[in-house]
Amino acid sequence: MTELTETREAAAFYDVLPSHDVEPLWRRLDTLLPAEPSNPAVPFVWRYGDLRPLLMRAGEVVTAEEAERRVLMLMNPGLQPAAAAAVNLYAGLQLILPGEVAPAHQHAAAALRFVVEGHGAYTAVSGEHTIMAPGDLVLTPSWAFHDHGNTSDDPMIWLDGLDLPLINHVHANFFSGAFDHPQEELVAADTTTRLYAAGRLTPQWRTWNESYSPVINYPWEQTSRILAESAAIGEGSPYDGVIFEYTNPYTGGPVLPTLGCSIQLLPAGLHTKAHRHTVSAVYHVVRGIGTTIVDDVTIDWGEHDTFVVPGWTVHEHVNHSGEDAVLFSFTDAPVLRALGFEREAAASMGA
């Protein structure tokens with residue numbers, strides 16, 4: 001690009017422009033049209049061992065009713081003060097104590113919950129209750145009324161994932177609620193999970209025309225079995241190990257139009273090849289210990305930690321241990337794919 005010559009006449013011209021609310025494109029061309037993406041988010045890990053005591057302390061200082069949702073938001077240091085873990089992705093850890101109910105509400109933003117600990121609490125979505133257990137993926141599509149309750153004797157904690165940064169950036173978010181009582185149960189608990197068998201079978205008597213999956217809960221019991229059976233075959237991605245995408249049983253596409261979800265198993269001793277993609281990803285460690293190298297940042301992770309890999313960063317995963325590691329992730333892939341902006345390339349560290 002030709003270097004601009006800053007003359008006295010040019011400087012006088014530029015001084016006049018702000019009063020007319022215009023700027024010269026040629027002085028900002030390099031930032032508006034970069035040679036490749038430069039992501040403001042930074043690679044970062046939120047350690048569960050540090051955050052769980054804070055979350056339990058939050059349970060002492062504010063009730064679920066007072067907070068609407070008792071959540072500690074995961075704030076990316078490169079994006080603060082924005083409430084975002086990645087440029088298009090929000091993440092937070094939510095706590096529901098025994099006997100509590102988080103009141104029903106609805107919003108335009110789509111949401112998911114990946115259960116970290118606790119058994120027996122429920123999420124109700126559009127009249128269907130699902131009983132949650134660790135490793136379950138629970139969906140809350142855009143505009144679906146939803147509430148949560150804990151009828152067990154133990155705390156319930158899950159990872160929230162939403163498209164809030166994206167939908168707020170385009171100024172298209174709406175919110176309404178909340179009811180002062182749980183939703184009426186319109187169908188038997190876990191109806192969609194049983195009907196759709198986690199995507200393997202589709203009931204022929206039902207029709208579905210929505211852009212999101214009809215399944216409320218993708219249970220860990222089925223997911224873990226699929227991972228174990230597939231790992232025994234010995235195949236997998238050179239970049240991600242044994243990886244599966246949670247899908248809409250009717251389309252084979254993502255479970256939500258703005259959020260993609262995956263589960264992957266890294267066999268013991270695996271060191272994946274490095275690659276990069278425009279998609280940003282928030283990872284949650286289901287089990288195991290390992291390392292993810294992102295550009296020049298080394299992230300050591302353990303069970304229940306959450307970490308972020310910003311878009312277009314070179315990254316690779318390493319499982320140093322003698323046991324398999326499992327990672328859940330959610331991404332903005334459906335959005336970038338729909339717009340034609342999804343791109344992936346093999347890379348090498350330091351590239």
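The values are calculated or read from the model by the stated rules, or taken from the named source; none is laboratory data. The structure displayed is predicted, hence computed values, not measured ones. Backbone-built Cβ (ideal geometry, glycine too); neighbour counts: all protein chains shown. For the accessible areas, the whole protein counts, side chains as well, though only heavy atoms, and no ligand, DNA or RNA atoms are used. Shrake-Rupley method; radii C 1.70, N 1.55, O 1.52, S 1.80 Å.
Assorted remarks:
- Condition met for GLU221 (open to solvent by 30 Å² or more (accessible area, probe 1.4 Å), in a loop (DSSP other than H, G, I, E, B) and charged (D, E, K, R)): no
- All positions within segment 1-46 that are in a loop (DSSP other than H, G, I, E, B) and of a type in the set (Ser, Thr, Tyr): THR2, THR5, THR7, SER38
- TYR239 vs. criteria of a type in the set (Phe, Trp, Tyr), at pLDDT 95 or above, open to solvent by 30 Å² or more (accessible area, probe 1.4 Å) and not in a strand (DSSP E or B): yes
- Of the residues in segment 222-242, none is within 23 Å of THR130 (Cβ to Cβ) and acidic (Asp, Glu).
- Scanning segment 99-142 for residues that are within 18 Å of the chain's Cα centre (by Cα) and on the phi > 0 side of the Ramachandran plot returns a single hit, GLY135.
- Residues that are open to solvent by 50 Å² or more (accessible area, probe 1.4 Å) and modelled with pLDDT of 85 or more, drawn from segment 174-191: PHE174, PHE175
- Only a single item in (1) assigned to a loop (DSSP other than H, G, I, E, B); (2) farther than 30 Å from ALA109 by Cβ; (3) touching a residue at least 12 places away in the same chain (Cβ under 8 Å) is not met by ILE233, and it is number (3).
- Pair list, Cβ under 8 Å, 6 or more apart: segment 203-217 residue closer than 14 Å to LEU137 by Cα and free of Cβ contacts under 8 Å to residues at least 40 places away in the same chain, other residue exposed (fewer than 15 other Cβ atoms within 10 Å of the Cβ) and charged (D, E, K, R): PRO214/ARG206
- Test result for VAL87, over 30 Å from ASP154 (Cβ atoms), in contact (Cβ under 8 Å) with a residue 12 or more places away in the chain, open to solvent by less than 70 Å² (accessible area, probe 1.4 Å) and among the β-branched types (Val, Ile, Thr): yes
- Residue in segment 50-64 that is in contact with a Lys or Arg (Cβ under 9 Å, 6 or more places away or on another chain), within 25 Å of LEU162 (Cβ to Cβ), among the aliphatic types (A, V, I, L, M) and surrounded by fewer than 14 Cβ atoms within 10 Å (Cβ to Cβ) present: yes
- Lone unmet requirement of (1) in contact with a His (Cβ under 6 Å, 6 or more places away or on another chain); (2) closer than 24 Å to VAL308 by Cα; (3) small (Gly, Ala, Ser) for ALA111: (1)
- Long-range neighbours under 8 Å by Cβ, at least six apart or interchain, first residue of a type in the set (Asp, Glu) within segment 5-33, second open to solvent by less than 100 Å² (accessible area, probe 1.4 Å) and in a helix (DSSP H, G or I): GLU23/LEU17
- Within segment 263-276, tally of residues that are surrounded by fewer than 19 Cβ atoms within 10 Å (Cβ to Cβ) and outside any loop (DSSP other than H, G, I, E, B): 2
- From the list PRO249, PRO257, the one residue that fits, being open to solvent by 10 Å² or more (accessible area, probe 1.4 Å), at pLDDT below 95 and either assigned to a loop (DSSP other than H, G, I, E, B) or not polar (S, T, N, Q) (or both), is PRO249.
- Only one entry of GLU100, GLU65 meets the criterion of being in contact with a Ser or Thr (Cβ under 9 Å, 6 or more places away or on another chain) and over 20 Å from TRP301 (Cβ atoms), and that entry is GLU100.
- Scoring ALA198 on the criteria (1) open to solvent by less than 50 Å² (accessible area, probe 1.4 Å); (2) of a type outside the set (Ser, Thr, Tyr); (3) modelled with pLDDT of 85 or more leaves a single failure, condition (3).
- Index of the failed condition, TRP312 passing every other in (1) assigned to a loop (DSSP other than H, G, I, E, B); (2) over 18 Å from the mean Cα position of the chain (by Cα): (2)
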